[in-house]
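Trainee: There's a structure below that I have some questions on.
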Amino acid sequence: MDKFNSNTKLIFSPSTAPAFNLAAEEYFFSARGEYVFLYINHASVIVGYNQAVVNEVDMDFCIEKDIRIIRRLSGGGAVYHDSGNLNYAFISEKKEMPLSADFLLPVIHVLQQLNIPVETGKRKDLWLPGGYKISGTASHVSKGRELHHGTLLYESNLEHLRRSLNPEKRNLIAKATASVPSPVKNISSFLKEEKKKLFSFREFVERFVDESMKYFNIAALTTFSPDDVQAIEALQREKYSQRSWNYKM
């Protein structure tokens, strides 16, 4: 069932800067209206609000490979983003059951239209047949608003994912939220193994956008206004690019 209203806006970010896109999520969360926000980040590790970077991230590896470390607004575990991973965010007014897994229904529907069978896991994540995770999610509910966002591994560098999220000492800061490691697989690898239609990443993203617009009955994409960009860039500078925010634990 569609939980968004007919005025939902779908925005595809023109930026691949993780600090900009996380700032954009907070900007839309703090605004009014309902949004589907899609974006692709360059190589980065996104840690949960209550996580300690030293517990989750191999910082030496990230420095070596120029992988940025950014803290997000929501809780949950650390995830890896790169140019083979599509990120989605659903932002709306608070519903009756804001922490249910219903926000995943549009993603499941869209993937099924692309002949990609998935099912919801115990932690509101998405899994392929055979027990491989392709989408980790997190949520933030506050002041009558809710934000749900997640990843979609299509052709990510899984070696970099594993190494960047593999610190030598996981429990240096005991009070921090710990990630729960899971076996992962790229959607493209699954399609190849199952001899299904294989898309390039660009084709996958285009099809995902098209099917999402059909699902939400959206006629055209919404673009950032100059005021949007100015406000998001200010939040990016003042918060998501600051060491005091990203490394606060």
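The values are calculated or read from the model by the stated rules, or taken from the named source; none is laboratory data. This one's a predicted model, so the numbers in the text were calculated from it and none came from an experiment. Here the Cβ positions follow ideal geometry from the backbone for every residue, glycine too, while neighbour counts run over all protein chains shown. Quick note on the areas: whole protein, heavy atoms, side chains included, nothing else; ligands and nucleic acids left out. Shrake-Rupley method; radii C 1.70, N 1.55, O 1.52, S 1.80 Å.
Trainee: Please specify each residue of the range 114-125 satisfying the condition of being aliphatic (A, V, I, L, M) and touching a Lys or Arg at 6+ places or on another chain (Cβ under 7 Å). Quick ask: steps written out before the conclusion?
Mentor: We begin by selecting, within the range 114-125, every residue aliphatic (A, V, I, L, M); these are 114, 116, 118.
Within the range 114-125, just Leu114 meets the criteria.
Trainee: Take the residues of the range 191-206 that are touching a helix residue (DSSP H, G or I) at 6+ places or on another chain (Cβ under 8 Å) and either of a type in the set (A, V, I, L, M, F, W, C) or at pLDDT 95 or above (or both): which is surrounded by the fewest Cβ atoms within 10 Å (Cβ to Cβ)?
Mentor: Per the criteria, the residue is Leu198.
Trainee: Follow-up. Applying the selection to the range 203-249, what residues are without any contact (Cβ under 8 Å) to a residue 24 or more places away in the chain and assigned to a loop (DSSP other than H, G, I, E, B)?
Mentor: Matches in the range 203-249: Ala219, Ala220, Ser225, Gln242.
Trainee: Here's a follow-up. Give Ser30, Ser74 a once-over and let me know the one that is within 12 Å of the chain's Cα centre (by Cα), within 28 Å of Val229 (Cβ to Cβ) and among the small types (Gly, Ala, Ser).
Mentor: Only one candidate passes the filter, namely Ser74.
Trainee: Would you point out the residue of the range 207-230, among those that are among the hydroxyl-bearing types (Ser, Thr, Tyr) and over 23 Å from Trp127 (Cβ atoms), that is surrounded by the most Cβ atoms within 10 Å (Cβ to Cβ)? Step through it out loud before you land on a result.
Mentor: Restricting attention to the range 207-230, the residues satisfying the condition of being among the hydroxyl-bearing types (Ser, Thr, Tyr) are 212, 215, 222-223, 225.
Of the ones still in play, those that are also over 23 Å from Trp127 (Cβ atoms) are 222-223, 225.
Values: Thr222: 16, Thr223: 12, Ser225: 9.
So, considering only residues that are among the hydroxyl-bearing types (Ser, Thr, Tyr) and over 23 Å from Trp127 (Cβ atoms), the one surrounded by the most Cβ atoms within 10 Å (Cβ to Cβ) is Thr222.
Trainee: Anything in the range 101-139 that is under 17 Å from the mean Cα position of the chain (by Cα) and of a type in the set (Gly, Ala, Ser)? List them, or say none.
Mentor: Ala101, Gly121, Ser135, Gly136, Ala138, Ser139
Trainee: Go through the range 79-93 residue by residue and tally those that are open to solvent by 40 Å² or more (accessible area, probe 1.4 Å), assigned to a loop (DSSP other than H, G, I, E, B) and more than 18 Å from Ala19 (Cβ to Cβ).
Mentor: Of the residues in the range 79-93, 0 are open to solvent by 40 Å² or more (accessible area, probe 1.4 Å), assigned to a loop (DSSP other than H, G, I, E, B) and more than 18 Å from Ala19 (Cβ to Cβ).
Trainee: Hey, could you check the range 125-145 for residues that are in contact with a helix residue (DSSP H, G or I) (Cβ under 6 Å, 6 or more places away or on another chain) and buried (at least 20 other Cβ atoms within 10 Å of the Cβ) and say which is farthest from Lys192 (Cα to Cα)?
Mentor: Just the residues of the range 125-145 that are in contact with a helix residue (DSSP H, G or I) (Cβ under 6 Å, 6 or more places away or on another chain), to begin with: 128, 134, 145.
If we keep only those that are buried (at least 20 other Cβ atoms within 10 Å of the Cβ) too, we end up with 128, 134.
Values: Leu128: 13, Ile134: 15 Å.
The selected residue is Ile134.
Trainee: Take Asn41 and tell me if it is over 24 Å from Lys124 (Cα atoms) and of a type in the set (S, T, N, Q).
Mentor: Working: over 24 Å from Lys124 (Cα atoms): no; of a type in the set (S, T, N, Q): yes.
No.
Trainee: From the list Phe29, Phe61, Phe20, which one is touching a residue at least 60 places away in the same chain (Cβ under 8 Å), touching a Lys or Arg at 6+ places or on another chain (Cβ under 7 Å) and over 18 Å from Leu165 (Cβ atoms)?
Mentor: Phe29
Trainee: Within the range 94-124, take every residue that is part of a loop (DSSP other than H, G, I, E, B) and modelled with pLDDT of 90 or more and give me the one that is most open to solvent (accessible area, probe 1.4 Å).
Mentor: Restricting to residues being part of a loop (DSSP other than H, G, I, E, B) and modelled with pLDDT of 90 or more, the top hit is Asn115.
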